[in-house]
1. With the checklist (1) within 14 Å of the chain's Cα centre (by Cα); (2) open to solvent by less than 80 Å² (accessible area, probe 1.4 Å); (3) more than 30 Å from D156 (Cα to Cα) in hand, flag the one item R236 doesn't pass.
2. Looking at segment 186-200, can you tell me whether even one residue there is small (G, A, S), at pLDDT 95 or above and under 14 Å from the mean Cα position of the chain (by Cα)?
3. Of the conditions (1) under 23 Å from D117 (Cα atoms); (2) without any contact (Cβ under 8 Å) to a residue 40 or more places away in the chain, F160 fails just one. Which one is it?
4. Does any residue of segment 71-85 turn out to be part of a helix (DSSP H, G or I) and either hydrophobic (A, V, I, L, M, F, W, C) or more than 16 Å from the ligand (Cβ to nearest atom) (or both)?
5. So which residues in segment 145-158 are more than 14 Å from the ligand (Cβ to nearest atom) and assigned to a helix (DSSP H, G or I)?
6. I need every pair where a residue in segment 174-192 that is without any contact (Cβ under 8 Å) to a residue 60 or more places away in the chain has its Cβ under 6 Å from the Cβ of a residue that is surrounded by 18 or more Cβ atoms within 10 Å (Cβ to Cβ) and in a loop (DSSP other than H, G, I, E, B), sequence separation at least 6 or different chains.
7. So, in segment 39-69, of the ones that are open to solvent by less than 20 Å² (accessible area, probe 1.4 Å) and within 13 Å of the chain's Cα centre (by Cα), which residue ends up nearest to G13 (Cα to Cα)?
8. Considering only segment 209-216, I want to know if a residue exists there that is more than 13 Å from the ligand (Cβ to nearest atom) and either open to solvent by 50 Å² or more (accessible area, probe 1.4 Å) or among the polar types (S, T, N, Q) (or both).
Amino acid sequence: MKMRLDRWLATLGACSRSDGKAWIRGGKVAVNGRIIRDSALSFDTEKDALTLDGKAVDGRVMRHVMMYKPGGVLTAARDPKQPTVMDLLPEVYRRIGCMPVGRLDKDTTGILIFTCDGEMNHRLLSPGRHVDKTYRALVEGKLGSETVEAFAAGMDLGDFTAQGAKLVILRAGEESSLAEVTISEGKFHQVKRMFAATGHEVTELHRRSFGPLELDPALQEGDWRELTADEVRLLRDAAGFSE
Ligand code: URA
């Protein structure tokens, strides 16, 4: 993305726009190894190398992140009272407009993707896209083939009809059962509501995958990392950019 040098510095939160102008005039800012004294010059934020006071700065404003969302944290840009997933990322991600793709409930854990690409975010959530999400659910009661069939058939949840979903029972006990469910929509509380409609309350919910991406096993709860170039490519394909 092409951006004026003073705006670039302000977007990254390196300084205010007026301080940036002074820094640039004062010869503190270099791009690709050359000191730049003209604030109005534009550079490629993803490719050009930015240096402030001789120190390399990560200048990219188009970033994509995978987080292992912990329980007890809201999926929201900000909240006056409760911690949000954005609070787990350095401030620069907020400044460059990196936003979560969809929501996980406060108590749900697992993979959450963030992107600065608003169009990709929108497409990945679009109902017509059918991006699969796989959850592991601990539920009350004994799951059996009738629940697998009910999930596969889809179900009326009052305000919307959930499309068919794949349910695989991993363990069925009298008190509780463990299952993996794959849905291609993403309605509010969808998994919990589908289980509730079949008489099973969800006690733990964890998302293992989002579209083509699985939660990185090296991440601990609350950890995050940037997506690799290959992962971004897979996500862009899932968003239909290569169609
Ligand atoms: N379905 C739910 O019920 N909760 C989530 O957090 C995600 C999917």
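The values are calculated or read from the model by the stated rules, or taken from the named source; none is laboratory data. The structure presented is a predicted model; accordingly, all values stated were derived computationally and were not measured. Here the Cβ is made from the backbone with ideal geometry for all residues, glycine too, and neighbour counts use every protein chain on show. For the accessible areas, the whole protein counts, side chains as well, though only heavy atoms, and no ligand, DNA or RNA atoms are used. Shrake-Rupley method; radii C 1.70, N 1.55, O 1.52, S 1.80 Å.
1. (2)
2. The initial filter retains those residues of segment 186-200 that are small (G, A, S), namely 186, 196-197, 199.
Then keep just the ones that are at pLDDT 95 or above; that gives 196-197, 199.
Of the ones still in play, those that are also under 14 Å from the mean Cα position of the chain (by Cα) are none.
Scanning segment 186-200, I find no residue that is small (G, A, S), at pLDDT 95 or above and under 14 Å from the mean Cα position of the chain (by Cα), so the answer is no.
3. (1)
4. For segment 71-85, residues part of a helix (DSSP H, G or I) and either hydrophobic (A, V, I, L, M, F, W, C) or more than 16 Å from the ligand (Cβ to nearest atom) (or both): present.
5. Kept after step one, since they are more than 14 Å from the ligand (Cβ to nearest atom), are these residues of segment 145-158: 145-150, 152-154, 156, 158.
The answer is S145, E146, T147, V148, E149, A150, A152, A153.
6. Within 6 Å, the pairs are S177/L143; A179/L143; V181/A165; I183/A165.
7. Among residues in segment 39-69 that are open to solvent by less than 20 Å² (accessible area, probe 1.4 Å) and within 13 Å of the chain's Cα centre (by Cα), the one nearest to G13 (Cα to Cα) is R63.
8. Within segment 209-216, one or more residues are more than 13 Å from the ligand (Cβ to nearest atom) and either open to solvent by 50 Å² or more (accessible area, probe 1.4 Å) or among the polar types (S, T, N, Q) (or both).
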